[in-house]
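> Here it is: the structure, laid out below.
The values are calculated or read from the model by the stated rules, or taken from the named source; none is laboratory data. Note that this is a predicted model, so its numbers are computed, not measured. All Cβ positions, even for glycine, are placed from backbone atoms using ideal geometry, and neighbour counts span all protein chains on display. All accessible areas refer to the heavy atoms of the entire protein, side chains included, with ligands and DNA or RNA removed. Shrake-Rupley method; radii C 1.70, N 1.55, O 1.52, S 1.80 Å.
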Amino acid sequence: MSARDKLLTQEVPVIIINMIYGIGTITLPSLLARSAGPDGIIAYLAAVAVYIIGTVLIILLVQRFPNHGLADYSPMLLGTVPGFAVNLLFTLYLIFLVSAVMRAFAEVTKFFLLPRTPIEAIMLSMLFTTSILARNGLQPIARACQIILYVFFIPFLVIPLFVSVFDTGEFLPLFQEKPAVIAKAAYNSIFSLTGVEIMLVLGSHSENSKRLMRPALIGVAIVLTMILIAVVLAFGSLSVDQTAKLTDPLFEMIKYVPVPYSILERIDISFYTVWIAATYSTLVIGLFTASHHVAEIFKLDNGKGFVFPLAAVVYFLALIPKNENEVLAFNIMLGAAWLALTFGLVPLLLVLSKIRNPKGAKKQMQQPQKKNRKANP
Amino acid sequence: MRRSRFYPLWILIIASFAASGCWDAKDIDRRTFVMGVAFDLSDTEDQLVMTIEVPVLTSFATQTHRIADTRAFVAATTGTSVAQMAARIETRTWREMFFGHTQCIILGEDLARESILPIIDFFDRNPRIDRRLALFVAQGKADEVLHIKNPLQPLVSVHLNQILNTLTNTTRVVKRNFQDNLRDLESNGDTVLPRVRSTDTELTIAGGALIKDYKFIAWLGENETRAVAFLYNRISGGVLTVNLEDILYTYAIRSASTDIKPVLKDGQLTFRINVKTEGEIIEAFYRGPGGAIEFDIPGIQSKLNQEITDEILHLLTKLQDLRTDPIGFDRLVYRHYPKFWNQHKENWKEQAWPQAKFEVTADFNIRRTGILKEVTIYERQG
């Protein structure tokens, strides 16, 4: 593995934050408010708890097989054919995830920014630009994500402006909904948090896979806190009722912020920029992970050649939903797939790696990767 | 990989496509920037009249304009829905209507009596609306407000919004924006909107329009509206005048806050309302004989407390009589006593709300009396 393909320890949280923070954050407050009212905050915290457990499981699995990706060890643990099937399913999951993000991005962009531009043009231009970076390898992606990360924090600079419109009473009463309702709201919100599973592929590129847990959890904690702040601001400023009614409450929330002396009267425009950057990084990382995973399945040196074909598949899949309700239903299905992956496949592989303990294989796995196996040229 | 020597050419070709604009390119002169919009009932079959105020941008662009120059274009049309009327105006101006800079929506009194819900839906749904715009109810026809000719204020809509947002000399108006109104309305259908009145050259914002279940039901006087402003916790300034021993003391509010707490005891719901303000005496107005006397600060404070307490109690009694809850006491009950709320939410306005009791206290604090320590009264000599 060349230095170009290595993921530095400090880049791991950056990649995780960039992957998770994006399109789902915009709709999450509405989803939570609609499903559980003020208890939406409780539902989010429940989803966070589940997500952190899932992250720990994923990283534990990555640590069991340092220097190797899911495509390498799943056939060994499950058998060649089931392992291949699992890898194929995981590839499909990644492609569907990128497609969902792509479509949701195109929907919102069309509605808020470019109402006359065909959705196909929005998607093609975004896929083209993301594919270019995705083809260039992990290190350029990590560098780009580091730059984009600073942009994510810009919206948080306006938090003091919310003081005059923020109502803490909006979070009351708590625990009024039945546990089943809160659980369903948490389940519905999982899609907005998906992303850490990319470590099943990229984790092996970390410069120290054995010590991946800390940076991964730091990344997850930072991004989940950022999303929590966004949800709290939406509930407290717009009210739970309004948040539930709006499709994209974070954009409306920004329009409501009292900006002193009309400086930046249309402050919402700058937020669209941040949000596009966030979606861009999610798509780049998603495309790279999917293409690299395919390359690993077929024991190829790198996934560069798969980026454009996968982008084409993403494009056609993203065109399938007829309207935004179908997009939402599809996203919830992806949340279910994430749960199945994290709490079904990952624990299974972990248990199998303990029980079967393929000594020879494990020994082989713990050796450094072949020199000619690269993430990218 | 060996790069083609035509590589830069490809970049140029792709960039020329990407940089040549998009489907949504819209020049500024091809948009109608609607600064204000007024709605009235129509006598025709179309039912509604929409009047818009649009700035004449060229007159703002030049530095050599005269006062007599036309600075605003006011157009009106009839229709059955807001979107339909907007489309009709577009056919006359050939420019796309843009509501992103709209400063105010004015509803005619008669229309508001029918329902304000159909009108605000269009704006609530529009992603380009600035949610800080102001919603007014006009006493009389709404379009008359947009037709006033004030030589100092070329755009009525901007004028209206600025008056509302810079009103510091009076507390007799509720300073709230579209989003605040929506918050109330979507909670229980009730709110208070500022009242606007107009003459040929001037407009006044004072008092309020009481909205119940999205329908205008009564005007609130200026003192009642001040009580509403205190209960909304939206007092940022203004003056109050009280009479103590024939001297009129004017108190300028510098800060104010209102705390409302519901208390449920033995099935009886009571709201404890505490108003706190800080400010200073800016005038002592006196007519008649007398002499230099010390300020009776406790006496003035007590009088101010009494006046605001009475105003708030008067307002609350009126709201109970009208079976309307624009302040959102229902939300407070829901937050603090969810079980009680669940038992009474179906008949809140009709039964539980009218039976609620109130304990109102006010705490006015006079920090200064200007730069004078005494009330100086001229006493005729000899």
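> Show me the helices of chain B, taken as full DSSP H stretches, that run 24 Å or more along their long axis by Cα and average -0.5 or above in Kyte-Doolittle hydropathy.
What comes out of the filter, once short or polar helices are dropped, is B:297-321.
> Quick one: grab Rg to one decimal and Dmax as a whole number for chain A, Cα atoms only, in Å.
Both quantities, over Cα of chain A: 20.6, 70 Å.
> Additional query: If the elastic network links every pair of Cα atoms under 10 Å, which of B:A206, B:A83, B:A356 fluctuates the most in the Gaussian network model of chain B?
Comparing B:A206, B:A83, B:A356 in the GNM, the peak value goes to B:A83.
> Tell me the chymotrypsin sites (Phe, Trp or Tyr not before Pro) within the range A:249-337 that lie in a loop according to DSSP and have at most 14 other beta-carbon atoms within 10 Å. Walk me through the intermediate numbers first.
Numbers: sites: A:F251, A:Y256, A:Y261, A:F271, A:Y272, A:W275, A:Y280, A:F288, A:F298, A:F306, A:Y315, A:F316, A:F330; in loops: A:F298.
Loop-located and lightly packed - A:F298.
> Report the FRET efficiency, 1/(1 + (r/R0)^6), for B:K357 and A:S164, where r is their Cβ-Cβ distance and R0 is 25 Å, rounded to 0.05.
0.20
> Which chymotrypsin sites (Phe, Trp or Tyr not before Pro) from the range B:79-185 combine a DSSP loop assignment with at most 16 other Cβ atoms within 10 Å?
B:W94
> Using the Cβ atoms and a cut-off under 10 Å, what net charge is assigned to the surroundings of B:F99, where Lys and Arg are +1 and Asp and Glu are -1?
Working: positive: B:R128; negative: B:D130.
Here the charged neighbours net out to 0.
> Counting partner chain Cβ atoms within 10 Å of every residue's Cβ in B:323-333, what's the average?
Going residue by residue through B:323-333 and averaging, the value is 1.
> What is the Rg over Rh value, at two decimals, for the range B:27-220, using alpha-carbon atoms and the Kirkwood definition of Rh?
Reported Rg/Rh (Cα atoms, Kirkwood Rh): 0.95.
> Going by a ≥ b ≥ c, the root eigenvalues of the Cα gyration tensor, does the range B:223-382 fall in the rounded group (a/c under 1.5), the prolate group (a/b larger than b/c) or the oblate group?
Because a/c hits 1.5 or more and a/b exceeds b/c, the range B:223-382 counts as prolate.
> Next question, about the same structure. To one decimal place, what Kirkwood hydrodynamic radius in Å is obtained for the protein assembly as shown from all pairs of distinct Cα atoms?
Values: mean 1/r = 0.0335 Å⁻¹.
The Cα-based Kirkwood calculation yields 29.8 Å.
> OK, next. Taking all protein chains in place and a 1.4 Å probe, what share, in percent, of the accessible surface of the range B:223-382 do carbon and sulfur account for?
That share works out to 46 percent.
> Taking only Cα atoms and a 10 Å spring cutoff, compute GNM fluctuations for chain B and point out the largest among B:T369, B:T191, B:T32.
Maximum among the listed residues: B:T369.
> Determine the gain in length on full extension of the stretch B:L322-B:D200; use 0.36 nm per residue of separation and subtract their C-alpha separation, reporting nm with one decimal.
Working: separation 122, 0.36 × 122 = 43.92 nm, distance 3.40 nm.
Net length gain for the segment: 40.5 nm.
> What share of all Cα pairs of the range A:149-219, in percent, falls into each consecutive 5 Å distance bin?
In whole percents, the pair-distance histogram is 3, 10, 11, 12, 14, 18, 16, 9, 6, 1.
> Across the Cα atoms of chain B, what radius of gyration and what greatest pairwise Cα-Cα distance (Dmax) are found, in Å?
26.7, 112
> List for the range A:80-116: residues with 10 Å² or greater reduction in accessible area, all protein chains versus chain alone, probe 1.4 Å?
The answer is A:F111, A:F112, A:L114, A:P115, A:R116 - residues whose exposure falls by at least 10 Å² when every protein chain is included.
> OK, next. Of B:P298, B:H344, B:F271, which is farthest on the positive side of the dipole of the range B:223-382, counting Cα position, with +1 on Lys and Arg Cβ, -1 on Asp and Glu Cβ, and the Cα centre as origin?
Going by the Cα projections, it comes out as B:H344.
> Which entries of B:K261/B:K303; A:K110/B:K345; B:K261/B:K318; A:K304/B:K26 show an alpha-carbon separation above 29 angstrom in the structure shown?
Working: B:K261/B:K303 24 Å; A:K110/B:K345 40 Å; B:K261/B:K318 20 Å; A:K304/B:K26 39 Å.
Going by Cα-Cα distance, A:K110/B:K345; A:K304/B:K26 fall outside the 29 Å limit.
> Across all directions of projection, what mean area in square nanometres is found for the Cα convex hull of the range A:83-233?
Here the figure is 13.4 nm², rounded to one decimal.
> What longest range of chain A stays clear of loop-exposed GluC sites (Glu not before Pro) (DSSP non-H/G/I/E/B, at most 15 other C-beta within 10 angstrom)? Walk me through the numbers on the way to the answer.
Details: sites that count: A:E207, A:E265.
So the longest stretch without any such site is A:1-206.
> By average Cβ neighbour count within 10 Å, what is the ranking of B:156-164, B:305-313 from highest down?
Working: B:156-164: 21.1, B:305-313: 18.7.
Peptide ranking by packing, descending: B:156-164, B:305-313.
> Give, in nm to one decimal, the length gained when the segment between A:R211 and A:V151 is fully stretched (0.36 nm per residue of separation minus the Cα-Cα distance).
18.8 nm
> For chain B, set up a GNM with springs between Cα atoms under 10 Å and report which of B:Q351, B:Q103, B:Q139 has the largest fluctuation.
For chain B, modelled as a Gaussian network with Cα springs under 10 Å, the answer is B:Q351.
> Let me ask something additional. Could you run the numbers on buried accessible area between B and A, total for both chains, 1.4 angstrom probe, in Å² to the nearest 100?
Using a 1.4 Å probe on protein heavy atoms, the buried area is about 2800 Å².
> Something else now. Calculate, for A:E324 and B:D310, the FRET efficiency according to 1/(1 + (r/R0)^6) with r their C-beta to C-beta distance and R0 60 Å; round to the nearest 0.05.
0.70
> Here's another thing I want to ask about it. Hey, what angle do you get for helix A:138-152 against the long axis of chain A, alpha-carbon based, 0 to 90 degrees rounded to 10?
Long axis of A:138-152 versus the principal axis of chain A: about 20 degrees.
> Continuing with the same structure: What does the charge add up to near B:G189, with Lys and Arg as +1, Asp and Glu as -1, over the other residues with Cβ less than 10 Å from its Cβ?
Result for the neighbourhood of B:G189: -2.
> Sticking with this one: Could you work out how far apart the two model spin labels at B:R71 and A:F175 are, taking each label as a point 7 Å from the Cα in the direction of the beta carbon, and quote it in nm?
With each label point 7 Å from Cα toward Cβ, the separation is 6.0 nm.
> Further question: If the cut-off is 23 Å between C-alpha atoms, which lysines fall inside it for B:K149, apart from same-chain ones fewer than 8 positions away?
Counting by Cα, and skipping residues close in sequence, B:K149 has these lysines nearby: B:K141.
> Moving on. With a 1.4 Å probe and every protein chain kept in, tell me what percent of the accessible surface of the range A:104-200 is carbon plus sulfur.
Percent of accessible area from carbon and sulfur atoms in the range A:104-200: 71.
> At what distance in nm do the modelled label points of B:I13 and B:R113 sit from each other, each positioned 7 Å from its Cα along Cα→Cβ?
7.0 nm
> Next question, about the same structure. Can you tell me the accessible area per residue over the protein assembly as shown, all protein chains present, probe 1.4 angstrom, in square angstrom?
45 Å²
> What are the trypsin sites (Lys or Arg not before Pro) within the range B:73-170 that DSSP puts in a loop, where the Cβ has at most 14 other Cβ atoms within 10 Å?
On the way: sites: B:R88, B:R92, B:R95, B:R113, B:R125, B:R128, B:R131, B:R132, B:K141, B:K149; in loops: B:R95, B:R128, B:R131, B:R132, B:K141, B:K149.
Of the trypsin sites (Lys or Arg not before Pro), the ones in loops of the range B:73-170 whose Cβ has at most 14 other Cβ atoms within 10 Å are B:K149.
> Excluding B:K215 itself, calculate the net charge of residues whose Cβ lies under 11 Å from the Cβ of B:K215, where each Lys or Arg counts +1 and each Asp or Glu counts -1.
That sum, taken over residues with Cβ under 11 Å, equals -1.
> Still on this structure, please answer the following. Specify whether the C-alpha gyration tensor of the range A:135-181 places it in the rounded, prolate or oblate class, a ≥ b ≥ c being the square roots of the eigenvalues: rounded for a/c under 1.5, otherwise prolate if a/b is larger than b/c and oblate if not. Mind dumping the intermediate values first?
Details: a/c = 7.91, a/b = 1.81, b/c = 4.38.
Oblate, because a/c is 1.5 or more while a/b does not exceed b/c.
> Using Cα-Cα distances under 8 Å and only pairs 6 or more residues apart, what relative contact order does chain B have, in percent?
Details: 726 pairs, mean separation 47.8, N = 382.
Value for chain B: 13 percent.
> Would you tell me the mean number of C-beta atoms belonging to other protein chains that fall within 10 Å of each C-beta in A:160-166, as a whole number?
Going residue by residue through A:160-166 and averaging, the value is 1.
> On to the next question. State the Cα centre-to-centre distance between the range A:285-356 and the range B:21-44 in whole Å.
Centre-to-centre (Cα) distance: 45 Å.
> Is there a quick way to get the dipole size of the range B:223-382? I mean about its Cα centre, with the Cβ of Lys and Arg at +1 and of Asp and Glu at -1; what is the value in debye to the nearest 20? Don't skip to the answer; put the middle values down first.
Numbers: 21 positive and 22 negative charges, 139 e Å.
Using only the charged Cβ atoms, the result is roughly 660 debye.
> Still on this model: In degrees, nearest 10, range 0 to 90: what is the angle between the Cα axis of helix A:179-189 and the longest Cα principal axis of chain A?
Taking the Cα atoms of chain A, the angle to A:179-189 is about 70 degrees.
> If the reach is capped at under 20 angstrom between alpha carbons, list the aspartates and glutamates near B:K265, excluding any in the same chain fewer than eight residues apart.
Those aspartates and glutamates meeting the cut-off are B:D330, B:E359.
> Taking the 0 to 90 degree range and rounding to the nearest ten, how far is the long axis of helix A:346-355 tilted relative to the main principal axis of chain A, both from C-alpha atoms?
30 degrees
> Can I ask one more? Calculate the mean, over all residues of peptide B:124-136, of how many other protein chain Cβ atoms lie within 10 angstrom of the residue's Cβ.
4
> Going by a ≥ b ≥ c, the root eigenvalues of the Cα gyration tensor, does the range B:189-299 fall in the rounded group (a/c under 1.5), the prolate group (a/b larger than b/c) or the oblate group?
The shape class here is oblate.
> If you put +1 on each Lys and Arg Cβ and -1 on each Asp and Glu Cβ, how big is the dipole of the protein assembly as shown around its Cα centre, in Debye rounded to 20?
That gives a dipole near 4500 debye.
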